[in-house]
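Asks: Pasting a structure below so you can have a look.
The values are calculated or read from the model by the stated rules, or taken from the named source; none is laboratory data. For clarity, every value in this text was computed on a predicted model and none was experimentally measured. Note that we place each Cβ from the backbone using ideal geometry, even for glycine, and neighbour counts take in every protein chain shown.
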């Protein structure tokens, strides 16, 4: 029994780190590509001159652990029996609370072009679907394997 428990914890740690690294990599691609640079020009007056990459990666690693832990906590409540579908459902829920609500707030309070908001919605959905798929294919609460 102890070996199964350790295996679950080890898997959680590894998948959380992978998830955090994926988030950091996708954030880099999403925010630094030529299209994003054009669309995010609107933020230039309030943007920092440089980004603290180490802090950003650390934040994404923490997100990886928190999101993986949350996935495990809500696993049995997610629709379908297949892990992949549970991961996709989780991704849509997280996308709504993390991305959609953020974009809606920006739309309501700032003068941001709709193309920039749409880009954030679409890329945020893609990012969450990747993370949800990874979690859905690799994580199970203890006792459900």
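Asks: For the range 107-141, name all the residues that are surrounded by fewer than 16 Cβ atoms within 10 Å (Cβ to Cβ) and farther than 24 Å from residue 22 by Cα.
Replies: 107, 108, 109, 110, 111, 113, 114, 115
Asks: Give all pairs with beta carbons closer than 7 Å in which a residue from the range 98-126 that is at negative phi and modelled with pLDDT of 95 or more meets a residue that is outside any helix (DSSP H, G or I) and surrounded by 15 or more Cβ atoms within 10 Å (Cβ to Cβ); count only pairs at least 6 apart in sequence or on separate chains.
Replies: Once the first residue is at negative phi and modelled with pLDDT of 95 or more and sits in the range 98-126, its partners that are outside any helix (DSSP H, G or I) and surrounded by 15 or more Cβ atoms within 10 Å (Cβ to Cβ) give 106/112.
Asks: Being over 30 Å from residue 141 (Cα atoms), in contact with a helix residue (DSSP H, G or I) (Cβ under 9 Å, 6 or more places away or on another chain) and not in a helix (DSSP H, G or I) narrows it down to one residue among 29, 42, 51; which is it?
Replies: Going through 29, 42, 51 in turn, the sole match is 51.
Asks: Let me spell it out: the conditions are (1) within 23 Å of residue 8 (Cβ to Cβ); (2) surrounded by fewer than 12 Cβ atoms within 10 Å (Cβ to Cβ); (3) touching a helix residue (DSSP H, G or I) at 6+ places or on another chain (Cβ under 8 Å), and residue 35 meets all of them except one. Which number is the exception?
Replies: (1)
Asks: Checking the condition outside any loop (DSSP other than H, G, I, E, B) and closer than 30 Å to residue 143 by Cβ, which residue from 129, 125 passes?
Replies: 129
Asks: Sort through 62, 29, 94 and tell me the only one that's within 23 Å of residue 121 (Cβ to Cβ) and either under 11 Å from the mean Cα position of the chain (by Cα) or touching a residue at least 12 places away in the same chain (Cβ under 8 Å) (or both).
Replies: 94
Asks: Of all residues in the range 41-59 being under 20 Å from the mean Cα position of the chain (by Cα) and in contact (Cβ under 8 Å) with a residue 12 or more places away in the chain, which is nearest to residue 133 (Cα to Cα)?
Replies: 57
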